[in-house]
Structures are given as C-alpha cells and as structure tokens.
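Visitor: Encoded as structure tokens, here's the structure I'll be asking about.
The values are calculated or read from the model by the stated rules, or taken from the named source; none is laboratory data. What you see is a predicted model, and the numbers here were worked out from it, not measured in a lab. With ideal geometry, Cβ positions are generated from the backbone for all residues, glycine too; neighbour counts draw on all protein chains shown. Surface accessibility is based on the protein's heavy atoms, side chains included, excluding ligands, DNA and RNA. Shrake-Rupley method; radii C 1.70, N 1.55, O 1.52, S 1.80 Å.
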Amino acid sequence: MKIRIAFFDTKPYDEAFFSPFTGKDGYEIKFFPGRLTADNASLTRGFDAVCVFVNDQITREIVDALCENGIRLIALRSAGYNHVDLKAVYRKIHVVRVPAYSPHAVAEHAVALMMTLNRKTHKAYFRTRDNNFTLNGLLGFDMHGKTAGVIGTGLIGRKVIDILKGFGMEILAYDLFPDPDYAEERGIRYTDMDTLYEESDIITLHCPLTPENVHMIDSGAIARMKDGVMIINTGRGKLIDTADLIEGLKSRKVGAAGLDVYEEETEYFFEDWSQTGVEDDVLSRLLTFPNVLITAHQGFFTQEALTNIAGTTMENIRLFFEEDRLPNEICYRCKDGDCPKETTGKCF
Ligand code: NAI
C-alpha cells in the first residue's frame, strides 16, 4: 500500500530534504507551496496524511474538511504545536510532531542574536563596507560575569545555558517544572519570575506558548527588569506583547531585542515582501530600531535540523500507517499532563 501525503507550505529547502523519500517505495508525496487553508483543504482529497508547518493554522473548520477527505494523520514538521486546535482534532485525526530535531540549532541562533546585538556586528558589517572604520556607537559589554535569565529549561533552554556558562555567565532559570538535580549539576539557580526579571542582564525565552503565558513579557514585566535589559525571543511571538516592547525600547528601558519570532509573523515570515513592503505598522516600527534584530523564524534552519525533521516526520508517518504506533503524538490531554498514551501507545 502506498501512503499518500500532501505537504503544505513547502519551500525549496523542504523539497530538498524530503525528496530522498519521494522516490521510496510506499510513499507518494505531493508538495503544495501554499499554506493549508479552509479554502484549499479540498486538495487533500485522495491523500492519507497531511504534513504542515508552523504557519498552517489547523482550525476546527480545516479539521472537519480533512476528516471529510479521509485524512487520518496530521504530521507537523515542527516541535511547537500552538498552531493546531488540539480540541478540534481530538478523537478525529491523530497529530504527530518532531519533538526534538536540533536543540543546538535554536540555542546557537539565540546566542547569535545576543552576540550580534551586544557587539553590534550588524552595524559594523555595513559600516566597514562603506569604508567607515570608526568605532563610535559600537561599544559592547563582556558576557563574562553577566547574568542571563533563561525562561524554560527544556531541550533548547539547556543548550543555551551550556553555551552561556561557557562564556562565564551566571544563570537564573525559571520553569513551570524546575529540575533541582539538573540545577545543582549544572551550577544554575532556579528562581521566581520577579527575581529573574530584576537580576538578569539578558532574558531569553525558551518555553512553549500556551493560553496561560500569552504576553508574559508585557509592560508590567518590563517595568520589573533591569534598565537596558536585552530580551531574546526564539520561542513564540505571542510570548511578548509587542506594543509594550516598543514602548520599552522607546523609553530605553529595553536596551536591545533579538526576535526570531513575532506575534503576527504568520502573515509575513517565510515570504518575500521586499517589493511591496509590509502593512503591519508594529512590525515596521520594530524594524526602525537600531537595537532590534529580527530574523524570520530561522532558529531551526540548519542542515542537521532539517535532516532530522525530514527523518523523524517520515518515520512518524511510517510508524502510524505500518505499525499503528504514534510515539510522537500530541493531543490536548498530553498538554494537560493527563494523556492516556502511556497505557495505550496512542493518545486515543
Ligand atoms: P521543551 O518541551 O523541551 O522545553 C520547554 C520547557 O518550557 C519545559 O521545561 C517546560 O516545563 C517549560 N515551560 C512550559 N511552560 C512554561 C511557562 N509558562 N513558563 C516557563 N517554563 C515553561 O521544548 P524545546 O524543544 O526546548 O522548545 C521550546 C520552544 O522553542 C518550543 O515550544 C517552540 O515554541 C520554540 N521553538 C522555536 C524554534 C525556532 O525556530 N525559533 C524551533 C523549535 C522550537
């Protein structure tokens, strides 16, 4: 039996990393460059599974259409799953993800944002190309001895901690589920949010987006931070209230912001808007600050991560259709810690 998979929101690099599987016996893959929407969900008729990325919003309407078309599996090419209405999906279609493809990729990108903003290499690049070899305005600080506040000490947060410890930084951490053994072994300190905000020179976000932590970084949180704090977000855009961040930047309370994600990124990221410009005034305002560095959700974008994403995604699909197993399934009960998976092997 051939497993027929419809890939959505595919870019040339997706096709490059998944193409080794297209010729394999047992798979029939079709790449659709557009995002999966309620309007084009009819394209999934005749397929067994869909494979989507972070900006394909899997709404109840789309879930109903997929069910009607006989889709049995939604394979996410991502770790994050906040773009899926898990309640709408539950007991209708199984959802699998790639829980870990390269925590190094995202962690290293987060640190790249920190280092660029600190040493202002983004400005130096343009300055020297213009034969301007002055240093005014490029003053940075030693990372050594500074304090980093890491929110979320999962796979990525821990890799960030490893790198920053290498610089000789003090680490304060906050996690809903602190791991005291890890803290002792790694020489870091778990603390409450207030202390992390008050004592950190750099704050970096590595927790998932959930309904409870939308806009966790808002004007109230920023007010409690150190003057000149650097905020790094490679987690999800909605963790930060962007309007409040802009106020923080304008008042110079926030010294720098490195954002690989943005709360309204769905409209713009991964696409070329250079000919038309963007209509989003908040994004446009952010882009005017010299101490803001925006990258378009590229934390995951390394050779190793894309290789692992392709391998795990295809294995997730194979295991479901050939062995009726779903080790990387996610459902809303998994999220609430009440998932029956351990006994049944599947979420439902
Ligand atoms: P993980 O599941 O290994 O770790 C997440 C940690 O956050 C866990 O320790 C969890 O207990 C903690 N946590 C959950 N809710 C929290 C809250 N409200 N406050 C503090 N801590 C909380 O996840 P991983 O692999 O480290 O990824 C973290 C996030 O990074 C993902 O959820 C995703 O949103 C984002 N990500 C971004 C990528 C990019 O390209 N920019 C790529 C991959 C992931």
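Visitor: Would you mind finding the one in Met225, Met193, Met230 that is in contact with a Phe, Trp or Tyr (Cβ under 6 Å, 6 or more places away or on another chain) and over 20 Å from Pro178 (Cβ atoms)?
Guide: Met225
Visitor: Next question, about the same structure. Taking the range 203-236, which residues are farther than 19 Å from Asn118 by Cβ and crowded, with 24+ Cβ neighbours inside 10 Å?
Guide: Ile217, Gly235, Arg236 - these are the residues of the range 203-236 that are farther than 19 Å from Asn118 by Cβ and crowded, with 24+ Cβ neighbours inside 10 Å.
Visitor: For residues that are farther than 18 Å from Asn213 by Cα, surrounded by fewer than 17 Cβ atoms within 10 Å (Cβ to Cβ) and within 14 Å of the ligand (Cβ to nearest atom), tally how many sit in the range 184-197.
Guide: 1
Visitor: For the range 185-207, give me each residue that is outside any loop (DSSP other than H, G, I, E, B), closer than 11 Å to Leu172 by Cα and aliphatic (A, V, I, L, M).
Guide: Hits for the range 185-207 are Met193, Leu196, Ile202, Ile203.
Visitor: Continuing with the same structure: With respect to Asn308, is the statement that it is over 25 Å from Leu176 (Cβ atoms), of a type outside the set (A, V, I, L, M, F, W, C) and open to solvent by 30 Å² or more (accessible area, probe 1.4 Å) true?
Guide: yes
Visitor: Something else about it: What is the residue count in the range 317-348 for residues that are farther than 29 Å from Asn213 by Cα and in a helix (DSSP H, G or I)?
Guide: Result for the range 317-348: 9.
Visitor: Further question on the same structure: Filter the range 32-71 down to residues that are touching a strand residue (DSSP E or B) at 6+ places or on another chain (Cβ under 8 Å), outside any loop (DSSP other than H, G, I, E, B) and without any contact (Cβ under 8 Å) to a residue 40 or more places away in the chain, then give me how many there are.
Guide: So the answer is 4.
Visitor: Among the residues of the range 123-153, write down those that are touching a helix residue (DSSP H, G or I) at 6+ places or on another chain (Cβ under 8 Å) and within 18 Å of Pro103 (Cβ to Cβ).
Guide: Of everything in the range 123-153, those that are touching a helix residue (DSSP H, G or I) at 6+ places or on another chain (Cβ under 8 Å) and within 18 Å of Pro103 (Cβ to Cβ) turn out to be Ala148, Val150, Ile151, Thr153.
Visitor: Within the range 242-284, work out how many residues are open to solvent by 60 Å² or more (accessible area, probe 1.4 Å) and within 22 Å of Thr204 (Cα to Cα).
Guide: Adding up the residues that qualify gives 5.
Visitor: Is it fair to say Leu86 is under 21 Å from the mean Cα position of the chain (by Cα) and either of a type in the set (A, V, I, L, M, F, W, C) or more than 18 Å from Pro208 (Cα to Cα) (or both)?
Guide: Yes.
Visitor: State all residues of the range 35-69 that are out of contact with any helix residue (DSSP H, G or I) (no Cβ under 9 Å at 6 or more places or on another chain) and surrounded by fewer than 21 Cβ atoms within 10 Å (Cβ to Cβ); if no residue qualifies, say none.
Guide: Matches in the range 35-69: Asp39, Asn40, Leu43, Gly46, Cys67.
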